[in-house]
1. Answer yes if at least one residue in segment B:22-33 is under 20 Å from B:Val110 (Cβ atoms), under 11 Å from the mean Cα position of the chain (by Cα) and either away from chain A (no Cβ under 12 Å) or not aliphatic (A, V, I, L, M) (or both), and no otherwise.
2. Taking B:Ala104 as the residue in question, decide whether it is assigned to a loop (DSSP other than H, G, I, E, B) and either away from chain A (no Cβ under 14 Å) or touching a residue at least 60 places away in the same chain (Cβ under 8 Å) (or both).
3. Looking at A:Arg44, A:Arg36 in this structure, which one is in a strand (DSSP E or B) and at pLDDT 95 or above?
4. Identify all residues within segment B:66-82 that are within 18 Å of B:Pro7 (Cβ to Cβ) and assigned to a loop (DSSP other than H, G, I, E, B); write none if there are none.
5. From the set of residues in segment B:5-21 that are away from chain A (no Cβ under 14 Å) and surrounded by 12 or more Cβ atoms within 10 Å (Cβ to Cβ), which is farthest from B:Pro112 (Cα to Cα)?
6. Can you work out which of the residues in segment B:49-66 that are within 14 Å of chain A (Cβ to nearest Cβ) and touching a residue at least 24 places away in the same chain (Cβ under 8 Å) is farthest from B:His10 (Cα to Cα)?
7. Give the residues of segment A:6-23 that are under 22 Å from B:Leu44 (Cβ atoms) and more than 13 Å from chain B (Cβ to nearest Cβ), sorted by residue number.
8. Among the residues of segment B:34-48 satisfying the criterion of being more than 10 Å from chain A (Cβ to nearest Cβ) and exposed (fewer than 14 other Cβ atoms within 10 Å of the Cβ), which is nearest to B:Tyr89 (Cα to Cα)?
Amino acid sequence: EAQVTQNPRYLITVTGKKLTVTCSQNMNHEYMSWYRQDPGLGLRQIYYSMNVEVTDKGDVPEGYKVSRKEKRNFPLILESPSPNQTSLYFCASSPQRRRRGDTQYFGPGTRLTVL
Amino acid sequence: AQSVTQPDIHITVSEGASLELRCNYSYGATPYLFWYVQSPGQGLQLLLKYFSGDTLVQGIKGFEAEFKRSQSSFNLRKPSVHWSDAAEYFCAVDPVNNDMRFGAGTRLTVKP
């Protein structure tokens, strides 16, 4: 089944404790991205990757890191989480990027709480 | 400023009633337009999209949307709502020179 998977689905952590949220897609998509969803703000892009070893900042990159060593995986790293990073996070992928109109396929989301 | 606006944060409709969710955009050129649905605990699923041509677009689950250039709108409609349609709905635009932008979302509650 074609899908985007994220782990963990739920995570409660404390300020400053490094964490990684994994994202994997099995559709051989080139483009992958991370969003955070906050009430009243919709989805905002954190980072995106056009292909392996190519990543770039989205609208809200501060406090996050990403890497793209393999085509299928795009982990999101919070080196020193803070409470304002409490949010719902989505990973997404699409076949190519800057081919306008490509459908993005979303993972199920990771709900992160930073105490 | 470039933006996507969903004016209604929360809408409640009775099961079987019709539904219209509003979306307005502000971009220089007509962007590509999308509606996504997010069911509780799930990721976003594409309902429909508009690129060009016929301004009335049919999607999955009985939804349709109409593009109105003069109003910069792309409203989502369904003739008869089912309880399973309760979810959050996001309008999104894919403009010419920027990455996809999402509206703030409209949460739909369906009354029995």
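The values are calculated or read from the model by the stated rules, or taken from the named source; none is laboratory data. Predicted, not measured: the structure shown is a model, and the values here were computed from it. Because the Cβ atoms are built from the backbone with ideal geometry, glycine has one as well, and the counts that use them run over all protein chains shown.
1. Of all residues in segment B:22-33, those under 20 Å from B:Val110 (Cβ atoms) come to B:22-23.
Now narrow it down to the ones that are under 11 Å from the mean Cα position of the chain (by Cα): B:22-23.
Within this subset, residues satisfying the condition of being either away from chain A (no Cβ under 12 Å) or not aliphatic (A, V, I, L, M) (or both) are B:22-23.
Yes - at least one qualifying residue is present in segment B:22-33.
2. Working: assigned to a loop (DSSP other than H, G, I, E, B): yes; either away from chain A (no Cβ under 14 Å) or touching a residue at least 60 places away in the same chain (Cβ under 8 Å) (or both): yes.
Against the criterion (assigned to a loop (DSSP other than H, G, I, E, B) and either away from chain A (no Cβ under 14 Å) or touching a residue at least 60 places away in the same chain (Cβ under 8 Å) (or both)), B:Ala104 qualifies.
3. Working: A:Arg44 fails: at pLDDT 95 or above.
Step by step, each of A:Arg44, A:Arg36 is checked, and only A:Arg36 is in a strand (DSSP E or B) and at pLDDT 95 or above.
4. Once the filter is applied, which keeps residues that are within 18 Å of B:Pro7 (Cβ to Cβ) and assigned to a loop (DSSP other than H, G, I, E, B), segment B:66-82 yields only B:Ser72.
5. As a first pass, look at segment B:5-21 and keep what is away from chain A (no Cβ under 14 Å): B:11-20.
With surrounded by 12 or more Cβ atoms within 10 Å (Cβ to Cβ) added as a condition, the list becomes B:11, B:13, B:15-17, B:19-20.
Details: B:Ile11: 14, B:Val13: 9, B:Glu15: 6, B:Gly16: 9, B:Ala17: 11, B:Leu19: 15, B:Glu20: 18 Å.
That would be B:Glu20.
6. Let us first name the residues in segment B:49-66 that are within 14 Å of chain A (Cβ to nearest Cβ), namely B:49-53, B:57, B:59-60.
Next cut, touching a residue at least 24 places away in the same chain (Cβ under 8 Å) only: B:50, B:59.
On the way: B:Tyr50: 24, B:Gly59: 22 Å.
Here the answer is B:Tyr50.
7. Pass one, segment A:6-23, residues under 22 Å from B:Leu44 (Cβ atoms): A:6-11, A:21-23.
Those that are under 22 Å from B:Leu44 (Cβ atoms) and more than 13 Å from chain B (Cβ to nearest Cβ): A:Asn7, A:Pro8, A:Leu11, A:Val21, A:Thr22.
8. Here is the first cut: in segment B:34-48, the residues more than 10 Å from chain A (Cβ to nearest Cβ) are B:35, B:37, B:39-40, B:47-48.
With the extra rule that they be exposed (fewer than 14 other Cβ atoms within 10 Å of the Cβ), the set shrinks to B:39-40.
Numbers: B:Ser39: 9, B:Pro40: 11 Å.
It comes out as B:Ser39.
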